[in-house]
Amino acid sequence: MLNDLQQRKLAHLFTLLDVDDDGTVDKMDYAASADRLVNAFGFAPGSEESRRVRDRYARLWDEVTLPMDADGDERVGLQEFTAGFGRFVTQPEAGYRTHIAPVADAFYDLMDTDGDGRITRVEYLRMAGSAFRMSEANAVVAFDHLDLDGNGSLSREELHLANEQFFRSPDARCHGNWLFGPLPAQG
Ligand SMILES: [Ca+2]
Ligand SMILES: [Ca+2]
Ligand SMILES: [Ca+2]
């Protein structure tokens, strides 16, 4: 069973991923999110980078999200999403490594556009504001929680730690809970 915090984190992410705000996450939401990211990073249409972004999203849908579609309507509702993450990611010991780490790595590589092995605040804000529809204020708060050593950039280790905590930890004190900004107030 996921605790209340774990359910709230997943519900928050679900809202960010439901780009057309129709209450379900489907392939179109991911396509829209990919478009927002491509535009924000200024990748030319048809370029290698924009193809890679769309590829990643297609795989994210096929390999991580679609398996959560319990009733087979090719849309994932909040219940399916929460239950699916619980089953595939949060509960199994290797759940993060198997299902989320490859996605986190892919996003890391997409964000690190100059390839210097660091995600700067600017790169993070661009990703958060486009792909995850976060306000700049929320993205800044998130970044400051994730940059554990305070050097102004995110290392791959910092990003993995944050992701694993976001998707798995039941502990309210974890910095990774801030990965997608502050959680909406309860109730
Ligand atoms: Ca939707
Ligand atoms: Ca469904
Ligand atoms: Ca850092």
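Nothing in this text is a laboratory measurement; each read-out follows from the coordinates by a stated rule. Note that the structure is predicted; figures quoted are calculated from it, not measured. Neighbour counts run over all protein chains shown; Cβ positions are idealised from the backbone, glycine included.
Some points to look at:
- Top-ranked residue of the range 128-152 - restricted to ones that are within 25 Å of residue 35 (Cα to Cα), outside any helix (DSSP H, G or I) and of a type in the set (Gly, Ala, Ser), ranked as farthest from ligand 3 (Cβ to nearest atom): 135
- Matching residues, the range 34-82, being loosely packed, with under 12 Cβ neighbours inside 10 Å and either of a type in the set (Val, Ile, Thr) or in contact with a Lys or Arg (Cβ under 8 Å, 6 or more places away or on another chain) (or both): 74
- Qualifying residues in the range 53-102 (those that are within 16 Å of ligand 1 (Cβ to nearest atom), among the hydrophobic types (A, V, I, L, M, F, W, C) and without any contact (Cβ under 8 Å) to a residue 24 or more places away in the chain) - the one nearest to residue 43 (Cα to Cα): 66
- Taken over the range 159-187, the criterion of being among the hydrophobic types (A, V, I, L, M, F, W, C), within 14 Å of residue 12 (Cα to Cα) and outside any loop (DSSP other than H, G, I, E, B) is satisfied by 166, 167, 178.
- Filtering the range 3-21 to residues that are acidic (Asp, Glu) and in contact (Cβ under 8 Å) with a residue 12 or more places away in the chain leaves only 20.
- If the condition is being over 15 Å from the mean Cα position of the chain (by Cα), under 20 Å from residue 23 (Cβ atoms) and among the hydrophobic types (A, V, I, L, M, F, W, C), then the range 52-91 contributes 66, 68, 70, 76, 78, 83.
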